[in-house]
Amino acid sequence: PTFLVSQMAKQDVTVSLSGDGGDELFCGYNRYGLADHWGRIEKVPVGMRKMVSNGIDLIQPDTWDGVFQQISKFKKMPDNMGNKLEKFARVMRSDTIQDAYFSLVSEIDCSNKVVIGATEPETWLSKVGLNASFEDAKQHMMFMDAMTYLPDDILVKVDRAAMANSLETRVPFLDHRVVELSWRLPTTMKMHEGKTKWILRQVLYQYVPQQLIERPKAGFSIPLGDWLRGPLRDWAENLLDEQRLTQEGYFNVTYIHDKWRDYIEGSDQFKSFLWNILMFQVWLEEQAALVN
């Protein structure tokens, strides 16, 4: 989607502005609100929370979506409730707020289930005691996203998509003066009474009618489910062929195939995880072609 937007923008301009960085600097992601609720969550015994978590996981996210669509006929319900409940289940089985955050930004809860003999290297996300350096859990989460998700995912995506269309992008929020200002502000000015990016909204309301911007936050992603179960299914199954995976020797074949089978049968829970595996397989195939 970013490639297509860049392609369209290039028809009229050569330089564009990106809003990236606003979420990480001004508390824009919904997961930051978790910190406000954690005090109540952790009062529930861990055993009871894990029972609730396991109960939620027994039902696939798409099935939950169907249930809430029926409820919406009588009372308006948020979209994508299956995915929200799956994330809630992760939070409920966490021991600390840091564990909860780590689970929300991870595709899988244990790397050695997937990669044979894997151990996770230390990263910003796993540095013990780092949370003690911050005012509160929300500030800690924003720092983690700013050090990992923003440079390693968001900025890479935008830069590649834009430059593939010879479109220059600039990121005003990452001007060092804006970054420094944001870190001097208390988190209560960034998330206020459950409203994300509160201080940015107050500025924007002076210039843009409120009804134009007060809409639910939505991702900017591809229709992965439709593609992998449709036109890309044969391509994916070739890359995930059991004999091929066994011969390559990187992945736990049984685990990968269990997730693929669940996905084909209708579960959307692991589609991003499977896409990561497929991208590795494509890369591996390209490396083999270069050698030969």
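Taken together, the values in this text are just the output of simple stated rules run on the coordinates, not laboratory data. These figures come from a predicted structure and were not determined experimentally. Ideal geometry is used to build each Cβ from the backbone, glycine not excepted, and the neighbour counts take in all protein chains shown.
Using all alpha carbons of region 144-292, what is the percent of pairwise distances in each 10 Å bin, ordered from the shortest bin to the longest?
Spelled out bin by bin, region 144-292 gives 8, 24, 27, 20, 16, 4, 0 percent.
Going by Cα centres, region 121-191 and region 267-286 are how many Å apart?
Using only Cα atoms to place each centre, the spacing works out to 26 Å.
Can you list residues from other chains, or at least 5 along the same chain, whose modelled amide H is less than 5 Å from the amide H of SER16?
Long-range HN contacts for SER16: GLU168, THR169, ARG170.
Sorted by packing (mean other beta-carbon atoms within 10 Å per residue), highest first, where do 32-42, 88-98 land?
88-98, 32-42
How would you rank 245-255, 107-117, highest first, on the average number of other Cβ atoms within 10 Å across their residues?
Ranking the peptides 245-255, 107-117 by packing returns 245-255, 107-117.
If you take the square roots of the eigenvalues of the alpha-carbon gyration tensor of region 226-292 and sort them as a ≥ b ≥ c, do you get rounded (a/c under 1.5), prolate (a/b over b/c) or oblate? Before the final figure, lay out the partial values.
Numbers: a/c = 2.20, a/b = 1.55, b/c = 1.42.
Judged from the Cα gyration tensor, region 226-292 comes out prolate (a/c at least 1.5, a/b above b/c).
Using amide H atoms built 1.01 Å from N in the peptide plane, name the residues 5+ places from PHE251, or on other chains, whose amide H lies under 5 Å from its own.
Under 5 Å from the amide H of PHE251: ILE116.
Can you give the Rg to Rh ratio for the chain, taking only C-alpha atoms and Rh from Kirkwood?
Expressed as Rg/Rh, it is 0.97.
Going through region 186-239, which GluC sites (Glu not before Pro) have at most 14 other Cβ atoms within 10 Å and a DSSP loop state?
GLU193, GLU214
Per residue, what volume in Å³ does the Cα convex hull of region 87-209 take up?
182
Which aspartates and glutamates have a Cα less than 20 Å from the Cα of LYS195, not counting those fewer than 8 places away in the same chain?
ASP20, ASP23, GLU24, ASP36, ASP79, GLU135, ASP136, ASP145, GLU214
Return, ordered by residue number, the residues of region 149-189 whose backbone nitrogen is under 19 Å from a label point located 7 Å along Cα→Cβ of ARG31.
Residues 149-158 qualify, since their backbone N sits under 19 Å from the label point.
Taking each full run of DSSP H in the chain as one helix, which ones are at least 18 Å long along their axis (Cα atoms) and have mean Kyte-Doolittle hydropathy of at least -1.0?
Working: long enough: 271-291 (30 Å, 0.72).
Going by DSSP H runs, the hits are 271-291.
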